[in-house]
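Novice: After the structure tokens below, expect a handful of questions from me.
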Amino acid sequence: MKLRSLFLACSCLFTGVANADSISLPIWKEEAEALGYNLPKPFGLNLSYMSMEQGINVNSIALKNVKLGPLNLDGLPLEAGAGKQATDVMTLRADVWLFPFLNLYGLVGTLDGYSETTVKLKAFSHTLLETPFRLDLDGYTYGGGFVLAGGYKQLFALVDASYTQTNLNVIDGAIDAIVVSPRIGYDFNNHGVPVRFWVGTMYQNVEQELSGTLKQAGINLSGRFEVKQQLTSEWNTIAGMQYQFNEDWYLLGEAGFGDRKSIFFSIDRRF
């Protein structure tokens, strides 16, 4: 229902877009243009794809109400260390420039990927069992955010901040995430080239306490699991570019480096 509601909200946002010229947005548009700023059209629809892989450190794995035949596996001394998390996300985003320096947006999307680490069963400092522990991540995400932007001549800077919730089939409840991405770049439009380049950083604060049933995780045992993990690094470096076909269409690409590697593409339609 939440996913459907957000799609309806996106539709409502663009009702009457054909008359967007009569909606004097962004606020203070004339003043900004008088200062020499070239502003994009106020409304946008954006379709994007991101593939991301990052390291995780698993602090603990616990089993509850788990039995293997006559054996009760609760309280086993399980240890897990470094692992990785890989996700592919498709997102539809609707946005509006409320002020020349402030953009507001809402988004919905689908997520597919996995989280994997190696689990060890130890007794008296000896490893009795070592096996992969993998959670297949499949679900949908929704949320919103804002962009604060400014510039001087061809230089520009912006901060993109978002809050999302992700519902996954493999766990109970939702995962909350806060992402903040400051960027600084150069606009070549005044040189006759419709391209912008930038570099920046990305910060992610993602809830990493996961719980669910073993059958949800694809393990043929009854019972529950609880995993506590954290990202290897909350920060990474990003670099990207945007190509402007015309006033209506934009193509964007961005890559992430470091402990979090990512590739991001989007097509943007302005109204």
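Novice: Exactly one condition in (1) at pLDDT 95 or above; (2) surrounded by fewer than 19 Cβ atoms within 10 Å (Cβ to Cβ) is not met by Arg183; state its number.
Specialist: (2)
Novice: Tell me which of these Thr110 doesn't satisfy, since it passes every other one: (1) touching an Asp or Glu at 6+ places or on another chain (Cβ under 8 Å); (2) closer than 25 Å to Lys228 by Cα.
Specialist: The single condition Thr110 does not satisfy is (1).
Novice: Follow-up. Which residues, taken from segment 25-38, are closer than 15 Å to Leu104 by Cα and either modelled with pLDDT under 90 or β-branched (Val, Ile, Thr) (or both)?
Specialist: Looking only at segment 25-38, we keep the residues that are closer than 15 Å to Leu104 by Cα, and these are 25-27.
The one that is closer than 15 Å to Leu104 by Cα and either modelled with pLDDT under 90 or β-branched (Val, Ile, Thr) (or both): Ile27.
Novice: Would you confirm, using the coordinates I've provided, whether Lys41 is in a loop (DSSP other than H, G, I, E, B) and surrounded by 13 or more Cβ atoms within 10 Å (Cβ to Cβ)?
Specialist: Working: in a loop (DSSP other than H, G, I, E, B): yes; surrounded by 13 or more Cβ atoms within 10 Å (Cβ to Cβ): yes.
Considered against the rule, which asks whether it is in a loop (DSSP other than H, G, I, E, B) and surrounded by 13 or more Cβ atoms within 10 Å (Cβ to Cβ), Lys41 comes out as yes.
Novice: Then there's this: Of the conditions (1) surrounded by 14 or more Cβ atoms within 10 Å (Cβ to Cβ); (2) in contact with a Pro (Cβ under 9 Å, 6 or more places away or on another chain); (3) under 19 Å from Asn59 (Cα atoms); (4) not β-branched (Val, Ile, Thr), Phe133 fails just one. Which one is it?
Specialist: (2)
Novice: I'm trying to understand the selection: among the residues of segment 244-259, which are out of contact with any Ser or Thr (no Cβ under 9 Å at 6 or more places or on another chain) and part of a loop (DSSP other than H, G, I, E, B)? Explain how you work it out, then say what you get.
Specialist: From segment 244-259, those out of contact with any Ser or Thr (no Cβ under 9 Å at 6 or more places or on another chain) are 244-249; that's our starting set.
Result: Phe245, Asn246, Glu247, Asp248.
Each row is one residue, and each column tells you yes or no for (1) under 19 Å from Phe264 (Cβ atoms); (2) within 17 Å of the chain's Cα centre (by Cα).
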| position | (1), (2) |
| --- | --- |
| Glu130 | no, no |
| Gly145 | yes, yes |
| Gly150 | no, no |
| Lys153 | no, no |
| Val159 | yes, yes |
| Thr164 | yes, yes |
| Ile175 | no, yes |
| Val180 | yes, yes |
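Novice: Show the residue pairs that are 6+ apart or on different chains and have beta-carbon atoms under 6 Å apart, the first residue being within segment 87-111 and under 28 Å from Glu53 (Cβ atoms), the second being acidic (Asp, Glu).
Specialist: Note: pairs meeting the criteria are Asp88/Asp112; Tyr105/Asp95.
The values are calculated or read from the model by the stated rules, or taken from the named source; none is laboratory data. In this text the structure is predicted, and so the values were computed from the model without any measurement. A quick note on method: Cβ atoms are made from the backbone with ideal geometry, for glycine too, and the neighbour counts reach across all protein chains shown.
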